[in-house]
Amino acid sequence: MSFYDLLFLGAGGVVGSGWLLGAVDADRGAGSWAVFSWLIGGTLLVVIAAVMVEVSTAAPKTGGLVFLPLQSSGPLVATVVAAGVWVFYAVNPASEAAAMIRGLSASYHKTGLTIPGEDRLTWPGIGLALLFMLLIAAVNLLGPRLFLKVNNALTTFKILVPLLIVLLLVYAKIHPPSHTPYFDFPESEHGTGKSDHYDVGSVVATVTSSGVIYAYLGYQGPLDFAGSVRRSGIGEAARLRRAVYGTVCGSMLLYVSLQFVVIYIRHRSSGPIPADASVYAHFVTAVAPGWVASPLVWLINVDTVLSPAGAGMVYTYVLTREVAALSRAHLTHRGLQKSRFSTIALGRGRLARLFGDDRLDVYWLILFVDLVVSALALLAFGGKWSVLGHITTVLALVVYATPSVVLASLQLRSPQLFPRRRSRFLATTGFVSCAVIFYLAGWDLLWPGMTALTAGCLLLFALPLVAPASRWYDAKAYAAQLRYVRTNPAARSAALLYGYFMVATAASSANRFLWPSHPLVKLASAIPLAVLAVLVFRQLVAQSVRYMEKNAPTFPTPAPVTKAADPSTPHQPTVTVRSG
């Protein structure tokens, strides 16, 4: 994969329904101060991304979110992480399909798809969302080469439309329209939505509860393919760093700019901004010249459907590789990644010329399983975009916390991999950041996500013990290790990881029901959870080091950077290091 493949994979996962709906949600939580919410959320994600980049470039492996914790902390921690990754990635297409229905209903005035005044879909809307999810899965049958080309083109379009909206804001400030822009939004029973009583607590609360973190998710797509990166020229590590940091920093700039668009609308509206994707179409109609307005509104309406669809495509594509890594590690059914269930033969006819290969590595059985999980999530929550988004946010924080444990434990055991002293500090900061954001998300957001994680863990641990075809489940022996939490470092690590997030969930419940949940009070109550996170992190690192003392890890070696050969020197044979 080239740098542009990686960049568009990361940007395609980030730029989905978040840019369409996130700025309005953030405005309701913090008003004009929401700009700082995007900056804080983006900065925290940069820290977490830095940890993941350090680990992935030192030990590049496709499917590394599961493989790396398996090597450093054991199969039980890897199974907990795998449950989080699987549900996190599989639920995202359901949330994106729900956003597509909302965008379709608002932009094209399609009635009967959503329930008025509620964040739910009707049965026809759910049926159409299921069809969209089926189409998203079908695109992944194109094969890697053609899929990446489609994703690159679609992501370019997805980024271009919000950039045009931002440029139009700049134009409106430099060349104000002859008429006074006015947005006639009707008042609701909740008031005008123009309260200026916001403070630091509101800003922090908006980071965790208004879709800010959700909008940034997806940047890890390039790291999921760390073992499949082009090594010539600048090298795989440089390509990964530029793709990930470029995605996070670029998305931060984009979201802050879009928040300024919403601020412009907010101070010129008669009521609260509607919570749908058509708000940008209202903005374009009000400030753009006549010859620009109609084409740009049409592009926005198209993007309200294509943008979430593109993000769902990326998550579906990446998940197949993560589940395949899980299957190769024998932590789930081994048949999921077998050749007869993962490839489609094309021969050497017209199809081979069309797709550029004689076979497609598409993992079609995994696609089917993931589609079933996505459909169940959509049906279970009635297509509620907010709830589905909360589940992915909560599980992402659990998944993002584990690379910090991998980085710190490897730095102790193999310091030559991470010679910089900042690695341990970076790892601690990343873990504590995930833990604090998790706690501040609040009970209403946490319980659906932790319920989904618990269900995933129960399935991955229980199926090897009860499945009739037990020969396909080498994880049977791993599940039995849960009995020895006191003596087995792998079992203890899994119990600590899962137990901490359950304690944080219980603490958020107490914060919600037992004492006032003022944002500043809630922020102060996060201090004890942060201290506990540091203690748990140190224990996780210590247990991981103990595990590696008895089970030496087998990490791939990064390939050396190769430069163009000097014509004056004789040809020398080269060795390609395969780390994927």
#### Entry: Where a residue in the stretch 480-508 is under 15 Å from Ser73 (Cβ atoms) and its partner, wherever it lies, is loosely packed, with under 15 Cβ neighbours inside 10 Å and of a type in the set (Asp, Glu), with Cβ under 9 Å and at least six apart
Pro489/Glu549
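I'd like the residue in the stretch 471-481 that is assigned to a helix (DSSP H, G or I) and touching a helix residue (DSSP H, G or I) at 6+ places or on another chain (Cβ under 6 Å) and, out of all such residues, is modelled with the lowest pLDDT.
Trp472
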### Query
Does Ser525 satisfy the criteria of being more than 30 Å from Leu376 (Cα to Cα), modelled with pLDDT under 90 and not in a helix (DSSP H, G or I)?
no
### Task
Would you check if there is a residue in the stretch 112-124 being part of a helix (DSSP H, G or I) and over 17 Å from Val279 (Cβ atoms)?
yes
### Query
Looking at Val432, Val387, Val406, which is the one that is in a helix (DSSP H, G or I) and more than 20 Å from Ile213 (Cα to Cα)?
Val406
### Query
Which one is modelled with the lowest pLDDT, of the residues in the stretch 276-308 that are outside any helix (DSSP H, G or I) and touching a Leu at 6+ places or on another chain (Cβ under 7 Å)?
Ala277
### Message
Step by step: first the residues of the stretch 117-149, then only those that are under 30 Å from His282 (Cα atoms) and without any contact (Cβ under 8 Å) to a residue 12 or more places away in the chain, then the one that is surrounded by the fewest Cβ atoms within 10 Å (Cβ to Cβ). Which residue is that?
### Response
Gly117
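Would you mind stating whether Arg328 is on the phi < 0 side of the Ramachandran plot, touching a helix residue (DSSP H, G or I) at 6+ places or on another chain (Cβ under 7 Å) and surrounded by fewer than 20 Cβ atoms within 10 Å (Cβ to Cβ)?
So Arg328 fits the description; yes.
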### Message
Residues that are closer than 30 Å to Gly383 by Cα and touching a residue at least 12 places away in the same chain (Cβ under 8 Å): list the helices (runs of 4 or more DSSP H) wholly contained in the stretch 1-94 that include at least 3 such residues.
### Response
3-14, 18-30, 34-58
### Task
Test Tyr484 against the stated conditions and say whether it is more than 25 Å from Val53 (Cα to Cα), surrounded by 18 or more Cβ atoms within 10 Å (Cβ to Cβ) and at pLDDT below 85.
no
### Query
Can you find a residue in the stretch 385-392 that is surrounded by fewer than 24 Cβ atoms within 10 Å (Cβ to Cβ) and over 28 Å from Leu535 (Cβ atoms)?
yes
### Query
Going by the conditions given, is Tyr214 outside any helix (DSSP H, G or I), on the phi < 0 side of the Ramachandran plot and either modelled with pLDDT of 90 or more or surrounded by 19 or more Cβ atoms within 10 Å (Cβ to Cβ) (or both)?
no
### Residues (surrounded by fewer than 16 Cβ atoms within 10 Å (Cβ to Cβ) and either on the phi > 0 side of the Ramachandran plot or not in a strand (DSSP E or B) (or both)) located in the stretch 228-241
Arg230, Gly233, Ile234, Ala238
#### Entry: Top-ranked residue in the stretch 284-298 [being buried (at least 18 other Cβ atoms within 10 Å of the Cβ) and under 29 Å from the mean Cα position of the chain (by Cα); ranked as nearest to Gly103 (Cα to Cα)]
Val297
### Message
Here is a list: Arg538, Arg512. Which entry is assigned to a helix (DSSP H, G or I), surrounded by fewer than 20 Cβ atoms within 10 Å (Cβ to Cβ), at pLDDT 90 or above and of a type in the set (Lys, Arg)?
### Response
Arg538
### Query
Pairs under 6 Å by beta carbon, first residue of a type in the set (Gly, Ala, Ser) in the stretch 401-429, partner crowded, with 24+ Cβ neighbours inside 10 Å and outside any helix (DSSP H, G or I), six or more apart or different chains?
none
### Task
Test Trp298 against the stated conditions and say whether it is more than 28 Å from Ser433 (Cβ to Cβ) and of a type in the set (Phe, Trp, Tyr).
yes
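The values are calculated or read from the model by the stated rules, or taken from the named source; none is laboratory data. Computed from a predicted model, the values in this text were never measured in an experiment. Quick reminder, even Gly has a Cβ in these numbers, built from the backbone with ideal geometry, and neighbours come from all protein chains shown.
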